[in-house]
């Protein structure tokens, strides 16, 4: 039976742009596990009330319900140990936490400064007030002001990817010769942008752009075929 | 036979402060391998000419000579596979490269902005002109100017450690329940500062400070007993 994933969607239910849900989409594909996604909106809190919190991703695997992308990834690793490993051993599992912390802070902030207004644009109208209010409170300014200097801040964002770029100069993926959950963590941030905005986050000759392209093509183009922009 | 390590030293040959050599000191201890260190100065290029380059760490393991801290760490892992693993599997080995890239850029820059003048102070006089000239060229300013605002830049440095601090809120080490090479990579930067300067890089209540303390105490206090400052 396929695993069920509650997956953040826009006004168009085919539009899936949550960076944390994309981590799990890629992780499920990596494990070769079938998935059925259910479009979910920020304000659909009752649908996931069983988790005791109000955010996706949430999975249902038979009778087991798991929320939080890290908890889901480690659940999948532990529950399906005979499938390809998401972490490549205990060291990778521990270090992926650091890579997640770097992505959640450095990468997500830089992406948000470029595309958060574009996210608001594609949301279901019932989600727009919630999103605007919660993000404007977090950022201390309007969504419009937060992205107003994106032509300049994108340069800082690209510079902030230095450790990723250096690593990709040594090996094709953060996971080594093949991608693993470390890659999906960071890649999720790029899917967040790709599926809501045509703003070019990366320059075409950036090794990070090539890495992103390889992950867009992975698993028969799972991510690359999703509704979004060609950037 | 003990492995020989060429280890950067100050005017006082007991003073060892290279962040890259400290990575290897800790890695050798982790593997339980005996080491004999040879104090080496920046200008002692002939002593390591066999490596075809001019930087330490360099190890001699019998007839095998290896330079570059990453190459040495992977050599030790591959040559002594039955000893405790430095990476915890292939995933950790791949991801440690990213953590190294983050440390070499973010962490090292922040530390240098606080202590690079202190490094110059403790060098052997024969090394001082080389060090000043090469670093002032790299930084585009005098050593004095580079550290002039350290009371302010140390706050940026502490903020830049966010991903490390977050991870240490989830697990005791970057390597998980026990330290591994990911920890030694980052810890080396703190030894670089500790052994040349009494400038307080970390606040006493910072979880990073507690982590650093655990690593100073590791391996019977290998790092904590080394000549340096109690900060």
Checklist outcome for this item: Matching residues in the range A:48-76 (touching a residue at least 40 places away in the same chain (Cβ under 8 Å) and surrounded by 14 or more Cβ atoms within 10 Å (Cβ to Cβ)) number 11
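Restricted to the range B:185-211, and to residues that are more than 10 Å from the chain's Cα centre (by Cα) and within 14 Å of chain A (Cβ to nearest Cβ), which residue is surrounded by the most Cβ atoms within 10 Å (Cβ to Cβ)? Let's see the steps before the verdict.
Applying the first criterion (more than 10 Å from the chain's Cα centre (by Cα)) to the range B:185-211 yields B:194-211.
Checking the rest, the ones that are also within 14 Å of chain A (Cβ to nearest Cβ) come to B:207-208, B:211.
Numbers: B:207: 16, B:208: 19, B:211: 23.
That would be B:211.
Among the residues of the range A:135-165, which ones are assigned to a helix (DSSP H, G or I), closer than 25 Å to residue A:70 by Cβ and within 14 Å of chain B (Cβ to nearest Cβ)?
A:160, A:162, A:163, A:164, A:165
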Checklist outcome for this item: Among the residues of the range A:78-89, the number that are crowded, with 16+ Cβ neighbours inside 10 Å, within 14 Å of another protein chain (Cβ to nearest Cβ) and over 18 Å from residue A:176 (Cα atoms) is 0
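Is it true that residue B:149 is modelled with pLDDT of 95 or more and crowded, with 20+ Cβ neighbours inside 10 Å? Before you say what the answer is, go through the steps one by one.
Working: modelled with pLDDT of 95 or more: yes; crowded, with 20+ Cβ neighbours inside 10 Å: no.
Judged against the criteria, residue B:149 is not a match.
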Item to check | Scope the range A:29-47; condition surrounded by 14 or more Cβ atoms within 10 Å (Cβ to Cβ) and within 16 Å of residue A:72 (Cβ to Cβ); matching residues | outcome: A:29, A:30, A:31, A:33, A:35, A:37, A:38, A:40
Checklist outcome for this item: When the range B:170-184 is checked residue by residue, the ones that are within 8 Å of another protein chain (Cβ to nearest Cβ), in contact (Cβ under 8 Å) with a residue 12 or more places away in the chain and surrounded by fewer than 24 Cβ atoms within 10 Å (Cβ to Cβ) are B:173, B:176
Checklist entry - Could we say that residue B:214 is farther than 20 Å from residue B:228 by Cα, out of contact with any helix residue (DSSP H, G or I) (no Cβ under 8 Å at 6 or more places or on another chain) and outside any loop (DSSP other than H, G, I, E, B) here? => result no
Item to check | Residue identified as within 18 Å of residue B:18 (Cα to Cα), free of Cβ contacts under 8 Å to residues at least 24 places away in the same chain and not assigned by TED's automatic domain parsing to the domain that holds residue B:69 among B:212, B:225 | outcome: B:225
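Within 12 Å of chain A (Cβ to nearest Cβ), crowded, with 20+ Cβ neighbours inside 10 Å and closer than 28 Å to residue A:175 by Cβ: which single residue out of B:100, B:110 fits that description?
On inspection, the qualifying residue turns out to be B:100.
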Checklist entry - Which residue out of B:187, B:131, B:146 is without any contact (Cβ under 8 Å) to a residue 60 or more places away in the chain and either outside the structural domain of residue B:43 (by TED's automatic domain parsing) or in contact with a strand residue (DSSP E or B) (Cβ under 7 Å, 6 or more places away or on another chain) (or both)? => result B:146
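The values are calculated or read from the model by the stated rules, or taken from the named source; none is laboratory data. Owing to the predicted nature of the structure, the values given are computational and were not obtained by experimental measurement. Every residue, glycine as well, gets a Cβ built from its backbone with ideal geometry; the counts of neighbours run over all protein chains shown.
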